[in-house]
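Inspection log for the structure reproduced underneath, given as structure tokens.
None of the figures in this text is laboratory data; all of them are computed from the coordinates on show. Remember, predicted model here, so these are calculated numbers, not experimental data. Cβ: placed from backbone, ideal geometry, glycine included. Neighbour counts: every protein chain shown.
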Amino acid sequence: MNLSQLREKIEAQAARLAVIGLGYVGFPVAALFADQGFDVLGIDLKADRVEKINAGISPIEGEEPGLADLMARVIITGRLRASTSYRDLHDQDIILIDVETPVDEQHIPRYEALKSVLRNLGPVLKPGALVIVESTIAPGTMQQLVLPVLEEASGKKLNEGFYLGNCPERVMPGKLLHNLTNLSRVVGGGTVETAQTMALLYGFIVRADLDPVNWITAELVKTVENAYRDVQIAFANEVALICDALGGDVWKVRDLVNKTPYRNMHLPGAGVGGHCIPKDPWLLAYGVRDQQVPLRLIPSARAVNDQMPSYIAGMICGALEEGKRLLSNSRVLILGYAYLENSDDIRNSPSEVLIRILRDRQIEVCVQDPYVSEYQGDPYHLAEGCDAVVLMVKHRDYQSLDYGKLKESLRTPILIDGRGALHEDQLRALGYSVKVIGRGQ
Ligand code: SAJ
């Protein structure tokens, strides 16, 4: 089958789709295409996830508006089915790949999952099929890894035996369906015609721009957009440190700076977590590892953001010592463990780093987070006997906490606000000793 024939099948919604990797990216994509009338086969290693999906149950935790209804619709039509067996892929015309692409402690990408998928897919790949990598990958990975591994595993040649594209996803926990349908995407094709065919396909589920590009551009756009955000956050964090040192108020400074045209200073805070921002700058850096490009800004921004939990620990210890508390005889309540407000996602949680630092200094720590199952204890009870409360995540629930009642449980009324989320004057009026990140004394 050539691309012209494939486009006819796509237009008739007769192209048979497969999605390999049914996580928070792959599953919604599979469900959206099934909802548009395509026959979709989902492949995942995890048998329990496959069974859930075939039983009409979404495998995604957390609040995802619209996902349960979408799931119910597609299961009734029978257009979405899941399997653990790659053999079922032999008749699929289009295969989307949505597996994890983490980086390790040395910031090196770990492509084991991606390579395993390509090696299993190769032998069963239908002649003329279109393979699209949706995972975030370092610039150059399509050319240097995906293409050679798939050609070797399939015994087929690019643009003869199969077609190949890269279409990075732009999802976010809590907004999976919203982002998938409303955010523009780059469609990186091995050829212009491949990119156009990809745009035709994604046009069924995306109501925003689909920009045809080549592989390297698609890989750069995705990693650069998140490196951009990481650098912006690091800048805000560094200004917070300056304000703390000079007695400035970074929150007021930020508001006034952002009144200036073409300024968009981001929010300083207790750290940068999640599955995208801490990882993608390193994927971008890895893409130029063999060139003599002196990367200084992007690695430095990572270092600034990674040390924010340690900075918060310094604020806590300073406040305890000012309150004449011996660290080894102190107890601290952490409010918020998730990496993001109003989310249960704990990947790369800054609070996890802070807790380790405090415990290393013999400080007793307890944690409360209304969205994370193991930390859903009563905050007023947890605060009993504590010498400080530390707000690490701007969960909406912490706006309605009764801080007067909370203070009654505390041994020492110290509050550290790591997100500039609370009303400092009201807290002081209640008798708290308050420190807010970026608001120097
Ligand atoms: N954070 C700050 N200051 C800020 C913004 C975020 O400290 O000004 C912290 C957050 O607390 C969190 C981390 O950074 O710990 C990441 O926050 P995020 O808002 O970037 O949320 P993510 O990690 O889910 O980012 C995703 C990204 N989307 C994709 O990779 C497809 C990102 O590019 C989006 O900008 C973001 O969602 C979004 O806001 O949609």
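Here segment 1-150 has an Rg and Dmax of 15.5, 47 Å, counting Cα atoms alone.
Which FRET efficiency value, to the nearest 0.05, do you get for residue 77 and residue 342 by plugging their Cβ-Cβ distance into 1/(1 + (r/R0)^6) with R0 = 35 Å? Intermediate values should be presented prior to the final figure.
Numbers: r = 32 Å, r/R0 = 0.92.
For R0 = 35 Å, the calculated efficiency reads 0.65.
Spin-label model, residue 48 to residue 364: label points 7 Å out along the Cα-to-beta-carbon direction sit 3.4 nm apart.
Counting pairs of Cα atoms in segment 266-312, how many percent are more than 16 Å apart?
Cα-Cα pairs in segment 266-312 separated by more than 16 Å: 44 percent.
Each label was represented as a point 7 Å from its Cα along the Cα-to-Cβ direction; for residue 157 and residue 104 these points are 3.6 nm apart.
What are the semi-axes of the equivalent ellipsoid for segment 243-292, taken as the square roots of 5 times the Cα gyration tensor eigenvalues, largest first, in whole Å? Walk me through the intermediate numbers first.
Numbers: eigenvalues 190, 43, 28 Å².
Taking √(5λ) for each eigenvalue gives 31, 15, 12 Å, largest first.
Computed from Cα positions, the angle between helix 350-360 and the longest principal axis of the chain comes to roughly 50 degrees.
In this Cβ point-charge picture (+1 for Lys and Arg, -1 for Asp and Glu), segment 369-431 has a dipole of about 160 debye about its Cα centre.
Between the listed residues 440, 133, 398, the Cα displaced farthest toward the positive end of the dipole of the chain, a dipole computed from Cβ unit charges relative to the Cα centre, is found at 440. Here the extension length gained between residue 238 and residue 322 equals 27.8 nm, from 0.36 nm per residue of separation less the Cα-Cα distance. Of interest is the spacing of the C-alpha centroids, which for segment 149-196 and segment 1-64 amounts to 14 Å. For the chain, DSSP calls about 10 percent of its internal beta bridges antiparallel. Shown for 77, 101: other C-beta atoms within 10 Å of each C-beta, ranked fewest to most, produce the order 77, 101.
Please identify the GluC sites (Glu not before Pro) of segment 111-190 that satisfy two criteria: DSSP loop assignment and at most 11 other Cβ atoms within 10 Å. Which are they?
Details: sites: 112, 134, 151, 152, 160, 169; in loops: 134, 160, 169.
For GluC sites (Glu not before Pro) across segment 111-190 that sit outside H, G, I, E and B with at most 11 neighbouring Cβ atoms in 10 Å, the list reads 160.
Ordering 329, 271, 258 by the projection of their Cα atoms onto the charge dipole of segment 192-330, which places +1 on the Cβ of Lys and Arg and -1 on the Cβ of Asp and Glu, puts 329 at the extreme positive end. Shape summary: segment 240-364 maps onto an equivalent ellipsoid whose semi-axes, from the alpha-carbon gyration tensor, are 29, 21, 15 Å in decreasing order.
Determine the gain in length on full extension of the stretch residue 88-residue 57; use 0.36 nm per residue of separation and subtract their C-alpha separation, reporting nm with one decimal. Write down the numbers at each step before the final one.
Numbers: separation 31, 0.36 × 31 = 11.16 nm, distance 2.14 nm.
9.0 nm is the gain from fully extending residue 88 to residue 57.
For the chain, the percent of C-alpha pairs falling in each 10 Å distance bin, counted from 0 to the bin holding the largest distance, reads 4, 19, 26, 21, 16, 9, 3, 0.
Separation of segment 352-429 from segment 292-321 is 22 Å, based on Cα centroids. Per residue of the chain, the DSSP helices (runs of n ≥ 4 H) give a summed -39500 (n - 2.57) that works out to -12000 deg cm²/dmol at 222 nm.
Evaluate segment 350-440: find the radius of gyration of its Cα atoms, find its Kirkwood radius, and give the ratio Rg to Rh.
On the way: Rg = 12.6 Å, Rh = 13.6 Å.
Rg/Rh for segment 350-440 comes to 0.93.
Once each part is reduced to its C-alpha centroid, what is the distance from segment 73-142 to segment 226-263 in angstrom? The two parts, judged by their Cα centres, are 40 Å apart. Shown in residue order for segment 52-61 are the 3J(HN,Hα) couplings computed by the Karplus curve 6.51 cos²θ - 1.76 cosθ + 1.60 at θ = phi - 60°: 4, 5, 5, 8, x, 10, 5, x, 8, 7 Hz (x for Gly and Pro).
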